[in-house]
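Note sheet for the following structure.
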């Protein structure tokens, strides 16, 4: 196998070194396979890692710029430092040489926070510090900078030089390509977008050396009804609807992008099975027993149960049991709040303050104290959601309200909870969605359907899963496989009593969206896509749960080689969804902290950090409305 090295030079102000060093760490020694015979090895050139005591500093840098195929120029609100300016001058000279030699050295300006337009590029110069004397000497050596006019001329010269190149902008969900500002429909984590562009540039830069006709494939990004097609960093910009794909339909490129966002198992990989986080706790199985851990991986409820389900919101109760005994509900202390008294499949999770329970052949509902609040008179029952619950009577399913009276008097073969004002039901062997008046809203020939989540619902057609919107249009083409998974075996959406036996019923909602991502199954592996159908984490897991409270339980490997744990959400920007219309931005990670601002429902927030306070609440440090503060995770839906 032939290996070609490509050097990337990182031109930066020393004040930005911590961030630039992240680029170096990610890129250095990376290898990209072009085909079976040829591989690219990346050499990232950053002074602190490439210059050793005794080296001639300026000569080393000049040589590095000459041999570099790709040059990254980092620009931030810290301005251009004197050594950075010297490097840019050397880069300009090399570019001119390359143009004469018809070479293709790629210069990629990367805009960090604080740089919005070319005029923002300034020379950093502070006459008050001792260091500035050395800097001024260095400036004078560069171009006799002895007055403000010369400094401004250099600024303008650098601006003119860089404006000829496509820029990558690292800020929220906007970036620049040349003078064109692109706003994405969905925010991207800056590392994902920047590095995917750089990886493409690496392959393009090596194309001539390897004499290969390389096709670079990237996810389409839908923005304003147009699609930003594959973009060459120094090529032209084109906008086009992907060929052979009907409008509003989306098919994932069968070639999954080679880049995967960095992830790590943030909790100890000692967990045999894991659930979703609710109210800061997640159900786990350790050494064959079920208990609960917090977001730091600490055991909060010892694994003393043979089985358990996730805690419900906002009731803070979870169904738990031991083999050979009945089932009951525990609180967050691990104590039974409702004593074990319910048989297998004869009780559901709490939802909206009520849980269905079944004895012998009839079902009713209890409150969080265990008191029966809706009499047992149904032969089947499901969970409450949006004020309604499906119940079975006279062999058919209908809907009741919280008072126990019927709200939808229609006969369905199967019926499930309302989510986002629509409920999936089955009638006359057809799956449809109804509204709260019982009126059919979406009717289609789908083999199976699931709940709506974040505006989309997974549907199965021709043995593949895809997604529809609320109008019933397919927006992500059916292309995902049916997973071999039994993770909801004991978590029933409803119980159907047939011949005194309790049958657990639930939808195939393994592909639901949560926190902007959905777990999908392809070629025997789990991965994650965004709401536009773009792959965010390529299929690589043997098991994967939905994200909840910014974490998702995943496994890699099979049987004895299996490694399991929780990974962090790869996208740092999200859209707030609140139950009250707004959430409070606090000055400290505490409900009683200083109120900085009120963030409206639907606002975009960027997560900067997270912290667990003294009472085990998870708080996110976020940027919203141009302010930085703290939001409690329980306040985000």
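We did not get these values from a lab; they are worked out from the coordinates using the rules stated. Everything numeric here is computed off the predicted structure, so don't read it as measured data. Glycine also receives a Cβ, built like all others from the backbone with ideal geometry; neighbour counts cover every protein chain displayed.
Modelling each spin label as a point 7 Å along the Cα-to-Cβ direction, I'd like the residue 562/residue 159 distance in nm, to one decimal.
6.0
Please give the FRET efficiency for residue 3 paired with residue 627, using the beta carbon to beta carbon distance and R0 = 56 Å, rounded to the nearest 0.05.
So, using R0 = 56 Å, E works out to roughly 0.70.
For residue 322 and residue 386, compute 0.36 nm times the residue count separating them, minus their Cα-Cα distance, and round to one decimal in nm.
Separation in residues times 0.36 nm, less the Cα-Cα distance, equals 19.9 nm.
Can you tell me the length gained on complete extension of the stretch residue 591 to residue 362, counting 0.36 nm per residue apart and subtracting the Cα distance?
Here the segment from residue 591 to residue 362 would lengthen by 78.1 nm.
Need one number: nm distance between label points at residue 120 and residue 403, each 7 Å from Cα along Cα→Cβ, rounded to one decimal.
5.8
Translational diffusion coefficient, Stokes-Einstein: compute it for segment 273-568 using the Kirkwood radius over C-alpha pairs as Rh, at 4 °C and 1.567 mPa s, and state it as an integer in µm² s⁻¹.
The Stokes-Einstein estimate is 65 µm²/s.
By average Cβ neighbour count within 10 Å, what is the ranking of 590-598, 11-19, 411-419 from highest down?
Packing proxy ranking, top to bottom: 411-419, 11-19, 590-598.
Any chance you could run the full-extension gain for residue 377 through residue 300? It's 0.36 nm times the residue separation minus the Cα-Cα distance, nm to one decimal.
23.9 nm
For the residues 623, 372, what sequence is obtained by ranking on other C-beta atoms within 10 Å, fewest first?
Lowest count first: 372, 623.
Calculate, for residue 41 and residue 98, the FRET efficiency according to 1/(1 + (r/R0)^6) with r their C-beta to C-beta distance and R0 22 Å; round to the nearest 0.05.
0.50
Give the whole-number value, in cubic angstrom per residue, of the convex hull volume spanned by the C-alpha atoms of segment 474-592.
Dividing the Cα hull volume of segment 474-592 by its residues yields 206 Å³.
If I take R0 = 51 Å and measure r between the Cβ atoms of residue 339 and residue 17 in this structure, what FRET efficiency does the formula 1/(1 + (r/R0)^6) give, to the nearest 0.05?
With a Förster radius of 51 Å, E is 0.25.
In what sequence do 379, 39, 495, 25 fall when counting other Cβ within 10 Å, fewest first?
Final ranking by Cβ density, sparse to dense: 25, 39, 379, 495.
Rounded to the nearest angstrom and ordered from largest down, what semi-axes does the equivalent ellipsoid of segment 281-427 get from its C-alpha gyration tensor (root of 5λ)?
Working from the Cα gyration tensor, I get semi-axes of 30, 16, 13 Å.
I'd like the per residue volume of the convex hull spanned by the Cα atoms of segment 573-635, given in cubic angstrom.
Considering the Cα atoms of segment 573-635, their hull volume per residue is 72 Å³.
Over segment 375-425, consider all pairs of different Cα atoms and compute the Kirkwood hydrodynamic radius from their mean reciprocal separation; express it in Å, one decimal.
With all distinct Cα pairs of segment 375-425 included, I get 10.7 Å.
Order of 405, 576 from fewest to most other C-beta atoms within 10 Å?
Fewest-to-most Cβ neighbours within 10 Å comes out as 405, 576.
State the three equivalent ellipsoid semi-axes of segment 352-483, derived from the C-alpha gyration tensor as the square roots of 5 times its eigenvalues, in descending order and whole Å.
Values for segment 352-483, descending: 29, 14, 14 Å.
Can you tell me the mean projection area, over all orientations, of the convex hull of segment 338-403's alpha carbons? Units nm², please.
About 4.1 nm², averaged over all directions.
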